[in-house]
Amino acid sequence: MALRLADLTQPREIALGYGVTVTMTGIGFVDLRSAEAMAFQQARREIEAALDATALTSGDATARAERDARIAARSEEIIFDRLAARHITGWSGVLEEDGRTPAPFTPDTWATFRDMAPWLADRIRTEMRMPALLLVAEGNVSPP
């Protein structure tokens with residue numbers, strides 16, 4: 001028996017539950033790694049810009065660990081938003097505040113959705129990373 005994991009990098013529709021479905025383009029290994037690298041650099045710039053020079057040059061291991069944790073957390077937010085903006089092509093089951101009108105997928109509606117329903121946003125995050133991670137586990141990061 002075999003599975004065709006390369007097909008996971010194709011566009012797909014994901015039922016998240018609660019009547020919400022997301023449609024997204026394929027996310028490959030290179031897409032994921034590129035987003036991670038860019039997000040880490042941006043997060044580091046943002047966090048370090050917010051710190052004073054003393055905090056940046058401190059030899060205190062606790063301060064460095066805290067700064068690194070903040071960079072990692074911010075980087076994860078940036079990766080997720082970047083992948084969503086680039087790869088989510090639509091959704092259904094997400095409504096405007098009136099409870100009847102379908103909400104379009106935009107950066108603003110995405111941010112509201114992500115903050116309002118973090119358990120569904122986490123499902124999307126997992127689904128975005130899963131194909132690339134499975135391909136790596138299979139040993140095939142460059143599908144035919």
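The values are calculated or read from the model by the stated rules, or taken from the named source; none is laboratory data. Note that the structure is predicted; figures quoted are calculated from it, not measured. A quick note on method: Cβ atoms are made from the backbone with ideal geometry, for glycine too, and the neighbour counts reach across all protein chains shown. Protein only, heavy atoms only, side chains kept; ligands, DNA and RNA dropped before computing areas. Shrake-Rupley method; radii C 1.70, N 1.55, O 1.52, S 1.80 Å.
Observations
- Local net charge near PHE105, Cβ-Cβ under 14 Å (Lys/Arg +1, Asp/Glu -1): -2
- Counted residue by residue at 0.36 nm each, then reduced by the alpha carbon distance between them, the extension gain from GLU127 to ALA111 reaches 4.0 nm.
- Segments 17-23, 114-120 sorted - mean Cβ within 10 Å per residue, highest first: 17-23, 114-120
- A 1.4 Å probe run over the stretch 27-136, with the rest of the protein chains in place, finds 58 Å² accessible per residue.
- Rolling a 1.4 Å probe across all protein chains gives GLU96 an accessible area of roughly 80 Å².
- Accessible-area composition of the stretch 79-126, carbon plus sulfur, in percent [1.4 Å probe]: 55 percent
- Of the listed residues MET38, MET24, the order by accessible area with a 1.4 Å probe, largest first, is MET38, MET24.
- Efficiency of FRET from Cβ geometry, ALA73 and TYR18, R₀ 25 Å, rounded to 0.05: 0.45
- Intensity falloff of the stretch 27-136 expressed as log10 I(q)/I(0), Debye formula with alpha-carbon point scatterers, at q = 0.13, 0.15, 0.19, 0.24 Å⁻¹: -0.62, -0.76, -1.01, -1.27
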